[in-house]
Amino acid sequence: MLYLISILVLILGVVLLWWLPKVEFLSKRGLTKKDREKIKNKWQEIKMLLAGTNNHEHRAAVIEADKLLDFIMKKKNFIGDSFGNRLNSNKSRIYDLNKVWWAHKLRNQLVHEVEHKIVLGEARKAVDIFGKAIRNLGGNI
């Protein structure tokens, strides 16, 4: 009988270890007060870049917003060794996954393609998408 109880407790423990990280209200604990302040300050910088008058500032706004979302995913213990892997392994926790992928691909083009230019509307759209995902993960922007 004791053996059966031990097995049931072990199974329950494994199920809880799998399930608890998926519960959104518990996963919001991954951000400390210091993290939230850092996120808020970085978001203000991103908004200032987006309000800038040249292409380099708009480009930087998209790249920084992508980095900020990645920072939050790491703090929330998303599984994966890259931004893309973290997105794929936590699909249910990301607001509008397809749009986030679009914004991340735009960021990759900006970083890896020498001649890629960005227009203000495209930059605003990408930053808005990153912002919604950040808010959904508990970022106070």
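Coordinate-derived values only; no laboratory data. This one's a predicted model, so the numbers in the text were calculated from it and none came from an experiment. Ideal geometry is used to build each Cβ from the backbone, glycine not excepted, and the neighbour counts take in all protein chains shown.
Cα axis of helix 97-112 to longest principal axis of the chain: angle in degrees, 0 to 90, nearest 10? The answer is roughly 50 degrees. Local charge for K99 was computed over the other residues whose Cβ lies under 12 Å away, with Lys and Arg +1 and Asp and Glu -1, and equals +1. Taking 0.36 nm per residue of separation and subtracting the Cα-Cα distance, full extension of the segment from E122 to M1 would add 37.1 nm.
Modelled spin-label separation between K105 and N54, with each label point placed 7 Å from Cα along the Cα-to-Cβ direction: 3.0 nm. Principal-axis analysis of the Cα atoms of the chain puts helix 2-19 at an angle of about 10° to the longest axis.
Comparing T32, L106, N55 along the charge dipole axis of the range 31-136, the residue lying farthest to the positive side is T32, per the Cβ-charge model.
The I11 and K38 beta-carbon pair, evaluated with R₀ = 25 Å, returns a calculated FRET efficiency of approximately 0.05.
In this Cβ point-charge picture (+1 for Lys and Arg, -1 for Asp and Glu), the chain has a dipole of about 460 debye about its Cα centre. Among 66-77, 104-115, sorting by the average number of other beta carbon atoms lying within 10 angstrom of each residue, highest first, gives 66-77, 104-115. Axis of helix 120-136 versus longest Cα principal axis of the chain: the two differ by about 20°, to the nearest ten degrees. Placing a pseudo-label 7 Å from each Cα along the Cα-to-Cβ vector at E45 and N140 gives an inter-label distance of 1.9 nm. Of the residues N41, F83, L4, the one whose Cα sits farthest towards the positive end of the charge dipole of the chain is L4 (charges of +1 on Lys and Arg Cβ, -1 on Asp and Glu Cβ, taken about the Cα centre).
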